[in-house]
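What follows is a short report on a single structure.
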Amino acid sequence: MPANPTDQPTRVALYARVSPLDKGQARETQLRPLREYAQRRGFAVVDEYVD
């Protein structure tokens, strides 16, 4: 259900920050719920950034 007037999905980028010092943080552990949230909201994920 797009919220903008052109009926196109809102384009978003996902951002995850992973610390090399904390071995418990994996990029997929952070990106998976972000992808699921974007899908539930009807967003179009155009890129993913990991720092």
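The values are calculated or read from the model by the stated rules, or taken from the named source; none is laboratory data. None of the values given here were measured: they were computed from a predicted structure. When we count neighbours, we look across all protein chains shown, and the Cβ atoms used for this are built from the backbone with ideal geometry, even at glycine. Accessible surface is based on the protein model in full, side chains and every heavy atom, while ligands, DNA and RNA are left aside. Shrake-Rupley method; radii C 1.70, N 1.55, O 1.52, S 1.80 Å.
Which of the residues that make up the stretch 6-29 are open to solvent by less than 90 Å² (accessible area, probe 1.4 Å) and either modelled with pLDDT of 90 or more or of a type in the set (Ser, Thr, Tyr) (or both)?
Result: Pro9, Thr10, Val12, Ala13, Leu14, Ala16, Ser19, Thr29.
I need every pair where a residue in the stretch 13-33 that is part of a helix (DSSP H, G or I) has its Cβ under 9 Å from the Cβ of a residue that is open to solvent by 60 Å² or more (accessible area, probe 1.4 Å) and modelled with pLDDT under 90, sequence separation at least 6 or different chains.
So the pair list comes out as Gln30/Arg17.
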